[in-house]
Amino acid sequence: MTSMMSKIRTHALLGTLLTAGLMLQSCAQDQAPDSGSGPDSGVAAPVTEEGQDVILARVDDTQITLAQFRDFYKDIPEYLQSGRMGTDQARDHVQTLIDMELLQSEALEQGIDQQPAFLSKNKRQRMDRLVGLYLIDRIKVGLTPSEVRDEWVEQGMSRTIRVAQILTSSLDSAQAALNDIASGATFGEAARMWSTHEKSARQDGDSGRYSNRLDLPPSLGDRLFALTAGEISEPVKLNRAFGIFTILAEFDADLDEERFRALYQQMYMDRSIAERRALVDSLRGDLQLGLEKDSLQRLLEITTRGAWDEPALDELTVYRYRGGRITGRDVVESVDPVDLGSLRQMTAEGMVERMGRTLVPDAILMAAALEAGYAERDDIVFWLKQRRREELIVQLRVKILAERIQITEEEIHAEYDAKPERYTEPERMILEEVLVATEAEAQSVRARIEAGESIATLAQQMSLRSIEHRDENGRISLTLADGRYLGRLAASAYKTQPGELVGPLPVNEGFSVYRMLDRTKEPATYEKSRRRAKATVNWIKKQIVFDEFLKDLRIKYQDRVELFEDGIERVATMPKGQNAQLQP
């Protein structure tokens, strides 16, 4: 059992290291071993040139020192460390560092560093790091709390509206619904006749939600908040539909902590984007960015044919700027493979507009960062080297697991049958609620409930909650996922135990008072659980396959590894304070 737990911890640690990016803080290229201090017998641990650091192991010319060991493990939580004690624990931890060196060597031997996935990721990481630091140094967004409060007031963002909607699949249907209303039909009658959104159509179009500007995309929010109560909009183009809207009710919401935070983030992002755009515009001139129109036409000829592997793309210069160029290959690789077809019908103007969204700004920001010397900074050179090492191991692991793991339907079903408690529907919470407009009303409602009045009766008389989300007695059945619609109510209910009375609770629609009635979990069907069960089987197989792969690597490279036992003993006997978080 102890051995199994140790294996689990080792797998978890390696997985954490691969995903979180914790790698050795030094390597052979950064700290060459002292040529005069090699091991005599593979037992005595040599010291580094300064005589202060003990070498615990050596893999080819790469040494693993006590200082590296401490630095590596200082932030690793105890639950991810080896479950063994003393020398055995120290040896397990040193072996993890050795394994990572072996994985690095194997990745290079298998040519991972030449694979497109690795090269693309490495290039992206380099650009993101250099451009990110360049922008941090040049974009300084100032935003004070008073500016946020002023924006809330000046933009009328306290206004919170409840809308009714008619959603249709075509503009003709939307116009027909408007014609019916103009001929005397009520909005609700038109919604029941024309709306494709069944839930709101049954409620005369009532969406059942209150929203303010922060809850809606600007394109829709601008249209809705231009309406007065009772006014009906013209058809609004949505993603895959057309909508007609009217305001049913409204109230002014307070700028509470949550809304302040959301508005601050939005304003900060808007200002950051504006400053970035201004910086890019200035760099276009500074770096002498120029479009090669003949090359653009040649690019359009190639993309129209869908010739994504055309060798000429590599030589085709679409843009030039001081210090670099954007090639036809860059243009193609900047598009998600599933969207490549969109390039086939693109005009010259459309291609320029598309390149101008991210490809051109990224390229000239990268050129500016390179000119500014960011790539030569020692900390950046070291960071990029470490990311390259990490990505080599990540891509090797991806390759090995993809080659060696197959999952059958029988294995998925066996996992589902063996662990029924793992595969349940999301916990369902049943509560009774009264929703009112003001905090004072909510306090009064709570007092009446505590005095013995029925929540069901009060809900019938007073609740503003849409009947779409409750029954006539105020009873709501919800899961945490319903936070998309019920917001803070769902989040609060998740923390509430049966029998508790909660409120006044500020929510988007006003103030809520509710009592939790019950919380239940029901078994999920195999069809609903299959994806999770498959993921579990996949996870288990990854541990087994990776364990076998590591064992093979240790055998393959055993003649290239030296482990110094007295160094391991020194780690094991160090006081806990010197041994980072490792157990003595």
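The values are calculated or read from the model by the stated rules, or taken from the named source; none is laboratory data. Just so we're clear, the structure is a prediction, and the values are computed from it rather than from any experiment. Note that we place each Cβ from the backbone using ideal geometry, even for glycine, and neighbour counts take in every protein chain shown.
From Ser295, Ser272, grab the single residue that is surrounded by 14 or more Cβ atoms within 10 Å (Cβ to Cβ), among the polar types (S, T, N, Q) and either within 30 Å of the chain's Cα centre (by Cα) or under 24 Å from Arg162 (Cα atoms) (or both).
Criteria check complete, one pass: Ser272.
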Contact list, first residue from segment 219-237 and without any contact (Cβ under 8 Å) to a residue 60 or more places away in the chain and not assigned by TED's automatic domain parsing to the domain that holds Phe187, second anywhere and loosely packed, with under 11 Cβ neighbours inside 10 Å and assigned to a loop (DSSP other than H, G, I, E, B), beta-carbon distance below 7 Å, six or more apart or interchain, is none
Are any residues in segment 367-426 touching a Ser or Thr at 6+ places or on another chain (Cβ under 6 Å) and loosely packed, with under 14 Cβ neighbours inside 10 Å, and if so, which ones? Pro426
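Could you please find all residues in segment 542-555 being of a type in the set (Lys, Arg) and touching a Leu at 6+ places or on another chain (Cβ under 8 Å)?
Lys542, Arg554
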Look at Gly221 and say whether it is part of a strand (DSSP E or B) and crowded, with 17+ Cβ neighbours inside 10 Å. no
From the list Ala191, Ala185, Ala164, Ala174, which one is over 30 Å from Glu562 (Cα atoms), in contact with a Pro (Cβ under 8 Å, 6 or more places away or on another chain) and surrounded by 13 or more Cβ atoms within 10 Å (Cβ to Cβ)? Ala174
Any idea how many residues of segment 387-435 are within 30 Å of Gly474 (Cβ to Cβ) and of a type in the set (A, V, I, L, M)? 5
Just to check your reading of the model, which residue among Arg129, Arg162 is within 28 Å of Asn239 (Cβ to Cβ) and basic (Lys, Arg)? Arg162
The conditions are (1) part of a helix (DSSP H, G or I); (2) outside the structural domain of Ser295 (by TED's automatic domain parsing); (3) surrounded by fewer than 17 Cβ atoms within 10 Å (Cβ to Cβ); (4) more than 24 Å from the chain's Cα centre (by Cα), and Val352 fails exactly one of them. Which is it? (2)
Residue that is touching a residue at least 40 places away in the same chain (Cβ under 8 Å) and loosely packed, with under 14 Cβ neighbours inside 10 Å, where the choices are Ile476, Ile467, Ile455: Ile467
